[in-house]
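Peer 1: Shown below is the structure under consideration.
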Amino acid sequence: MSEHEPVLSVQDLRVDFSIGGAFVPALEGVSFDVARGETLAVVGESGSGKTITSLALMNLLGARGARRQGRAILHRASGPVDLLAQSERAMCDIRGAEIAMIFQEPMTSLNPVQTVGDQICEAIILHEKCKRKEALERAGDLVALVRMPDPKRQLRAYPHQLSGGMRQRVMIAMALSCSPRLLIADEPTTALDVTIQAQILWLLRELQEKLDMGMIFVTHDLGVVNQVASRVCVMYSGQIVEQGPVRQVFDTPSHPYTRGLIRSIPRGRSAARLYALPGRVPPIAARPRGCLFAPRCQHALDGLCTTERPAPVEVAPGHAARCKRLDHLPAFERAPADVA
Amino acid sequence: MSRDLLVEIDGLNKHFPVRGGTVKAVQDVSFAIHRGETVGLVGESGSGKSTLGRLLLRLIEPTSGEITFDGQSVSGARARELRALRRRMQMIFQDPYASLNRYFTIERTLTEPLHLHGIGRNADERRRIAAEMLEKVGFGPEVLQRYPASFSGGQRQRIGICRALMLRPDLVVADEPVSALDVSVQAQVLNILGDLRAEMNLTMLFITHDLAVVRQIAHRVVVLYLGRVMEIGPVEAMFDCAAHPYTETLVAAAPSIDHVIRPAELVGEIPNPLSPPSGCPFRTRCAHAVSACASADMSLREIAPNRFTSCIRAAAPGAFGQAPGVQVPA
Ligand SMILES: Nc1ncnc2c1ncn2[C@@H]1O[C@H](COP(=O)(O)OP(=O)(O)OP(=O)(O)O)[C@@H](O)[C@H]1O
Ligand SMILES: Nc1ncnc2c1ncn2[C@@H]1O[C@H](COP(=O)(O)OP(=O)(O)O)[C@@H](O)[C@H]1O
Ligand code: SF4
Ligand code: SF4
Ligand SMILES: [Mg+2]
Ligand SMILES: [Mg+2]
């Protein structure tokens, strides 16, 4: 495995949406690297900008007045390219050959009137420009790779005849048909039952290692992050507020938002009150001045926290947080006395 | 009957005729809920949780079986009696948006059931009652004039809770009330439910597929799989040591920030409900299955105090290796 060789390097990605004639920032400077053979999780509450991040990288935001700035360098065998500077045609090639994406609801991305076998074959023919016979062979390999039980029967089925888990396996098979260097998975297991989710998470983990791909895994579930990723970006209101190795971020979270999220997770012992992070993610047009998290932060100081966006501060090698008061925060306790 | 029991479910069945056969959504389910108790109903998609909840409130008719509420037959109740019963049993839904009329102000949504049941002398008094209940879920009276669309998911769920509690019911069936919410908002809503439960002495059937949530809110848990009860027991005991292999699987599969799931614990797909396996429905995915499981009798056995399981190989909680049919004397 080629540990630190980056496959994607995102630098200061900004996305603005045109709302009522003015540009409103949705992503405010997102930066991260994904290495080959590594899974980076992007986690945050709904509306924090996770999907915008993945769509912006793929140039799939649509024409609805979205403006992108920054750089997203994809390291290909043939040399680096900036994804944000590509024409739609060039992006089309890149999407087919270098980066693949899977979504939460596979049903919407599958053709309901074509068997899944035909759809996988078509994806292969499109990417590899090969004959149908070779495509069929390759399809057989792919369904074995994603561990579809009884593949012959499943390939003859139409999407609606398959379970949610099987449909997601089909989507993964199609995504892998181009042997991508990078796989972007946006909440791919959110609609699945826990036992099936666990199977798909394992499959993705295994495939990512075996194929030495980089993977960006988007989810709102911290528990899921722990199953698939080695590093995590915690997103809030269009910024990455904390980034670092998964175990380190979960055991010693630095940013008050990360801490609040972790403490909100129910941990049993019925009847005890949960810690509840107050408030919610603001709509993009109603973001506060200063630290985006200030209105919900129990450590916020007027002035210091309410004038400019905090810059990332390194708290340990490879672990950074956007907070002005890192030196003044108490040591993290998962279940502080006031909640027990 | 014990005065302590608010709800008794006995031999309940619900079959849905569908194209290609019959889905037995609820099969031979029996359990009781004590006054003031919260029973968690867990299981994967299609296990029959919502169907059971709807049967309990008689929103749908059972194929067979008996439901008793506070000593009164729900299944046998006629229109008038049912109306009186319904006032005492309310439901909270996963998607409160679907259950709130988007053309009604919050005031109208909240006061209409009061009006219907003849509570409050006039509109002013009903508005006051609504405002009081809104305060309990953390809203000021100003929201009375707003419409559902102007609220976030978590806020809407609080309105949904408020609406369900307006008639001061004894029983609340909550069907995945926090499943669509982010963890921070989920914590807010769970706290409100927990507080109101204590304040109003509510009895609850809490339906969820999320084990962490059930552990937080329930006293006892009923585990369903393909319409059948797998296990019933006190929540902490169940999490410490399951009395059924399916419960063990569910616990192992729950993604947590504390441990990484081991792949060996997870096999197979949920079978087609139109042709479930004979005997124990879990046998196609069970690591402990033996041939006798294919013809196993699914009635519950008490293998430790208050621990009921349908697994024929369970000798004690956590011990599933026994010869088939071996029973531990109760
Ligand atoms: N009105 C109906 N007609 C036909 N089949 C039905 C009907 N309602 C439910 N079913 C079937 O009964 C079974 C149990 O459904 P139910 O909705 O109770 O499951 P659930 O446990 O609530 O699942 P979920 O977690 O997905 O909400 C499923 O197989 C479902 O397809
Ligand atoms: N096309 C758009 N125009 C304006 N605002 C948008 C658009 N798409 C998304 N947003 C807003 O951007 C924020 C982040 O959205 P998204 O990336 O979808 O969040 P999530 O983290 O849940 O995936 C939300 O407030 C959303 O309403
Ligand atoms: S900068 Fe201030 S408001 Fe923002 S997270 Fe840190 S302490 Fe809280
Ligand atoms: S009865 Fe058999 S198949 Fe069912 S849970 Fe027990 S051991 Fe497994
Ligand atoms: Mg999203
Ligand atoms: Mg349901």
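Peer 1: Helix A:88-97: angle to the longest alpha-carbon principal axis of chain A, degrees 0 to 90, nearest 10?
Peer 2: On a 0 to 90 degree scale, this one is about 70.
Peer 1: Another one. Residues of the range A:35-67 with amide nitrogen under 20 Å from the 7 Å Cα-to-Cβ point of residue A:23?
Peer 2: Backbone N within reach: A:49-50, A:52-67.
Peer 1: Test of understanding: in a Gaussian network model of chain A with alpha carbons linked when under 10 Å, which of A:207, A:326, A:274 would top the mean-square fluctuation ranking?
Peer 2: Between A:207, A:326, A:274, it is A:274 that shows the largest mean-square fluctuation.
Peer 1: Given a Förster distance of 45 Å, report the FRET efficiency between residue B:108 and residue A:118 from their Cβ-Cβ distance, rounded to the nearest 0.05. Walk me through the numbers before you get to the answer.
Peer 2: Numbers: r = 52 Å, r/R0 = 1.16.
Efficiency, from the Cβ-Cβ distance: 0.30.
Peer 1: Here is a further query. Over the range A:6-229, how many pairs of lysines fall under 30 Å by alpha carbon, counting only those 8 or more apart in sequence or from different chains?
Peer 2: Details: A:50/A:210; A:129/A:152; A:129/A:210; A:131/A:152; A:131/A:210; A:133/A:152; A:133/A:210; A:152/A:210.
Counting lysine pairs in the range A:6-229 gives 8.
Peer 1: Still on this structure, I have one more. Please report, as a whole percent, how much of the solvent-accessible surface of the range B:158-205 comes from carbon and sulfur atoms (probe radius 1.4 Å). Show your work: numbers first, answer last.
Peer 2: Details: 460 of 1140 Å².
Within the range B:158-205, the accessible surface is 40 percent carbon and sulfur.
Peer 1: Sequence-distant or interchain residues sharing an amide H contact under 5 Å with residue A:157, placed H: which?
Peer 2: A:116, A:117
Peer 1: With all protein chains present and a 1.4 Å probe, how do B:295, B:47 order by accessible area, largest first?
Peer 2: On the way: B:295 95, B:47 5 Å².
Result of the area sort, largest leading: B:295, B:47.
Peer 1: Given R₀ = 30 Å, FRET efficiency for residue B:292-residue B:60 by Cβ-Cβ distance, to 0.05?
Peer 2: Working: r = 35 Å, r/R0 = 1.16.
Efficiency computed from Cβ-Cβ geometry: 0.30.
Peer 1: Counting only DSSP beta bridges with both residues in chain B, what percent are antiparallel, rounded to the nearest 5? Don't skip to the end; give the middle numbers.
Peer 2: Numbers: 29 of 46 bridges.
The antiparallel proportion sits near 65 percent.
Peer 1: Further question on the same structure: Taking the Cα centre of the range B:47-125 as the origin and placing charges on Cβ (Lys, Arg +1; Asp, Glu -1), which of B:118, B:75, B:63 is farthest toward the positive end of the dipole?
Peer 2: Towards the positive end, the residue furthest out is B:63.
Peer 1: Go ahead and run the numbers for FRET between residue B:147 and residue A:301, Cβ-Cβ distance against an R0 of 25 Å, rounding to 0.05.
Peer 2: Numbers: r = 37 Å, r/R0 = 1.49.
Given R0 = 25 Å and the Cβ-Cβ separation, E is 0.10.
Peer 1: Here is a further query. What accessible area per residue comes out for chain A, rounded to a whole number of Å², with a 1.4 Å probe?
Peer 2: Working: 14610 Å² over 340 residues.
Accessible surface, normalised per residue, equals 43 Å².
Peer 1: Let me ask something else about it. Mind checking which of B:56, B:193, B:171 has the largest fluctuation in a GNM of chain B, springs on alpha carbons under 10 Å?
Peer 2: The residue that fluctuates most here is B:193.
Peer 1: May I ask you to find the residues of the range A:190-217 that are shielded by at least 30 Å² of accessible area once the whole protein assembly is considered instead of their isolated chain (probe 1.4 Å)?
Peer 2: Residues shielded by partner chains are A:193, A:194, A:195, A:196, A:198, A:199, A:202.
Peer 1: What is the dipole size for chain A, taken about its Cα centre, with +1 at each Lys and Arg Cβ and -1 at each Asp and Glu Cβ, in debye to the nearest 20? Before the final figure, lay out the partial values.
Peer 2: Numbers: 40 positive and 35 negative charges, 110 e Å.
Dipole about the Cα centre, nearest 20: 520 debye.
Peer 1: Right, here's the next one. Using the Cβ atoms and a cut-off under 13 Å, what net charge is assigned to the surroundings of residue B:227, where Lys and Arg are +1 and Asp and Glu are -1? Each step should come with its number before you reach the end.
Peer 2: Details: positive: B:14, B:24, B:49, B:228; negative: B:28, B:44.
Around residue B:227, the surrounding residues sum to +2.
Peer 1: Among B:21, B:36, A:174, which residue has its Cα positioned farthest towards the positive end of the charge dipole of the protein assembly as shown, with +1 placed on the Cβ of Lys and Arg, -1 on the Cβ of Asp and Glu, and the dipole taken about the Cα centre?
Peer 2: Selected residue: B:21.
Peer 1: Which value, in square angstrom to the nearest 100, describes the accessible area buried between chains B and A on both sides, using a 1.4 angstrom probe? Before the final figure, lay out each step's value.
Peer 2: On the way: alone 15660 and 16340 Å², together 28500 Å².
Approximately 3500 Å², summed over both chains.
Peer 1: Determine the sum of side-chain charges near residue A:305: Lys and Arg each +1, Asp and Glu each -1, restricted to other residues whose C-beta is under 9 angstrom from that of residue A:305.
Peer 2: On the way: positive: A:324, A:325; negative: A:302.
Counting the neighbours of residue A:305, the net charge comes to +1.
Peer 1: If you add up the charges near residue A:77, with Lys and Arg at +1 and Asp and Glu at -1, over every other residue whose beta carbon is less than 12 angstrom from its beta carbon, what do you get?
Peer 2: Values: positive: A:36, A:76, A:181; negative: A:5, A:98.
It works out to a net charge of +1.
Peer 1: Of the accessible area of the range A:228-306, with the probe set at 1.4 angstrom, what percent is carbon plus sulfur?
Peer 2: Values: 1630 of 2960 Å².
The C+S portion of the solvent-accessible surface of the range A:228-306 is 55 percent.
Peer 1: Please report the spacing between the Cα centers of the range B:214-256 and the range A:104-174 in Å, no decimals.
Peer 2: 35 Å
Peer 1: Suppose we keep just the DSSP beta bridges with both residues in the protein assembly as shown; what percent of those would be antiparallel, to 5?
Peer 2: In the protein assembly as shown, approximately 65 percent of DSSP beta bridges are antiparallel ones.
Peer 1: Leaving out ligands, DNA and RNA, and with a 1.4 Å probe, what % of the accessible surface on the range A:1-91 is carbon or sulfur? If you can, show how the numbers build up before the last one.
Peer 2: Values: 2040 of 3980 Å².
Heavy-atom surface of the range A:1-91 belonging to carbon and sulfur, 1.4 Å probe: 51 percent.
The values are calculated or read from the model by the stated rules, or taken from the named source; none is laboratory data. Keep in mind it's a predicted model, so treat the numbers as computed, not measured. No Cβ is skipped: glycine too gets one built from the backbone with ideal geometry, and neighbour counts run over all protein chains shown. Keep in mind that these areas ignore ligands, DNA and RNA; they rest on the heavy atoms of the full protein, side chains included. Shrake-Rupley method; radii C 1.70, N 1.55, O 1.52, S 1.80 Å.
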